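Input: a single structure, listed below in structure tokens.
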Amino acid sequence: MLKELDLRTFAEAPKILGIGKAADAGFSMAWPGHRAIILSALRDNEAEQLLGILREFRDRLSGLQGGVSIPMEVFVFPCERVL
């Protein structure tokens with residue numbers, strides 16, 4: 001998906017253990033579920049475009065699964081290159 005979005009600068013950690021909104025789907029501290037984290041530094045206009053695409057992706061997945069909530073979260077932080 002990231003390749004299709006032409007997102008060329010990112011770091012991905014595909015198997016992070018943790019508990020989040022999907023905890024009620026059977027995950028617990030004893031049996032945490034896998035999460036994925038993707039980090040990317042983007043210009044404001046690029047971030048807005050990506051957020052729109054991710055919203056559409058989440059909504060499409062939800063529709064395919066009968067309207068169930070998809071546990072996808074996106075966080076935006078100010079970023080300054082320091083080195």
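The values are calculated or read from the model by the stated rules, or taken from the named source; none is laboratory data. Quick caveat, the model's predicted, so the values are computed rather than measured. Neighbour counts run over all protein chains shown; Cβ positions are idealised from the backbone, glycine included.
What to note about this one:
- Taking the criterion of being under 17 Å from L2 (Cβ atoms) and touching a helix residue (DSSP H, G or I) at 6+ places or on another chain (Cβ under 9 Å), the residues of the stretch 33-72 that qualify are R35, S40, L42, M72.
- Contacts under 7 angstrom Cβ, first residue in the stretch 24-43 being assigned to a loop (DSSP other than H, G, I, E, B), partner modelled with pLDDT under 85 and among the aliphatic types (A, V, I, L, M), 6 or more apart: F27/I19; M29/I19; P32/L17; P32/I19; S40/L7
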